[in-house]
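What follows is a set of notes on a single structure, which appears directly below.
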Amino acid sequence: MEETKDPFIVVRNIWKTFGKGDAAVHALSGINLDIYRKEYISIMGPSGSGKSTLFNMIGALDTPTQGAIKVGDVDLTKLSPLQLAYFRCRYIGYVFQSYNLIGHLSALDNTAIPQILLGTPRKEAEKRAAELLEFVGLHGRLTHKPLELSGGQQQRVAIARALANNPTILLADEPTANLDLKTGAGIIELFKNMTKEFGVTVISATHDHRMLAASSRIVWIDQGKIDHIENVSDLDIDTGSIRDEHG
């Protein structure tokens, strides 16, 4: 999966501390991690392990107490809030557990919004939005609003929206948590294809062990530290059996 020997995302000695003195809680304690272009990384760990905190750091949604996070040659820890906002909009796509779609807008409009916010002309934005909705299997649902779509269909719209601005990184926070097994398996298949189709680096924070089959590596977090990292190619995981079992 690596295009070069140099990592694309570099996390160095990241600490995140809440509170001070005797009340201080270290959510992350000296995390070091290299992620390469077009990788699919799954961050796994029990509740309270720090995986969501690490996920938010890499996604520029939070800032560390100490340490550095570089994406390419950009050090996220040195950007101003305005610069971070632009970076998130331009270079990162987000897929959330709760979809976060705008209820009164159609699937097409929900998908086009990120492009329009960056100044893309509406017709051009709608054309790309329609292409992305076709990619996620919703070509016949462009005019449907969120409440007219199933949970799986709403998550597909959210995935299309996340890809709208050609991000280099796609972050997925528990993307299958609210879906049944069959629907979740379809979403997992979409994620597996995204690194090939769009050249995007995917980072997922998840409890769903089915997502491991789509991953390149699994980063296991425990008590704010990396416990170990596994290459999926070394594990006995069969994606085909997931599809056969769950639809």
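Odds and ends about this structure:
- Residues that are open to solvent by less than 80 Å² (accessible area, probe 1.4 Å), part of a loop (DSSP other than H, G, I, E, B) and of a type in the set (Asp, Glu) within the range 1-45 comprise just one, 39.
- Residues of the range 52-91 that are β-branched (Val, Ile, Thr) and over 16 Å from residue 167 (Cα atoms): 53, 63, 65, 69, 77.
- If you go through the range 76-119 and keep only what is part of a loop (DSSP other than H, G, I, E, B), more than 19 Å from the chain's Cα centre (by Cα) and buried (at least 18 other Cβ atoms within 10 Å of the Cβ), you end up with just 106.
- Selection of the range 192-213 for residues being part of a helix (DSSP H, G or I), at pLDDT 80 or above and surrounded by 22 or more Cβ atoms within 10 Å (Cβ to Cβ) yields only 194.
- Residue count for the range 138-179 satisfying the condition of being in a loop (DSSP other than H, G, I, E, B), out of contact with any Lys or Arg (no Cβ under 6 Å at 6 or more places or on another chain), touching a residue at least 24 places away in the same chain (Cβ under 8 Å) and of a type outside the set (S, T, N, Q): 12.
- Count of the range 46-75 residues which are in a strand (DSSP E or B) and either open to solvent by 60 Å² or more (accessible area, probe 1.4 Å) or touching a Phe, Trp or Tyr at 6+ places or on another chain (Cβ under 9 Å) (or both): 5
- Exactly one residue out of 126, 131 is in a helix (DSSP H, G or I) and open to solvent by 60 Å² or more (accessible area, probe 1.4 Å): that is 131.
The values are calculated or read from the model by the stated rules, or taken from the named source; none is laboratory data. These numbers come from a predicted model, not from an experiment. Ideal geometry is used to build each Cβ from the backbone, glycine not excepted, and the neighbour counts take in all protein chains shown. Keep in mind that these areas ignore ligands, DNA and RNA; they rest on the heavy atoms of the full protein, side chains included. Shrake-Rupley method; radii C 1.70, N 1.55, O 1.52, S 1.80 Å.
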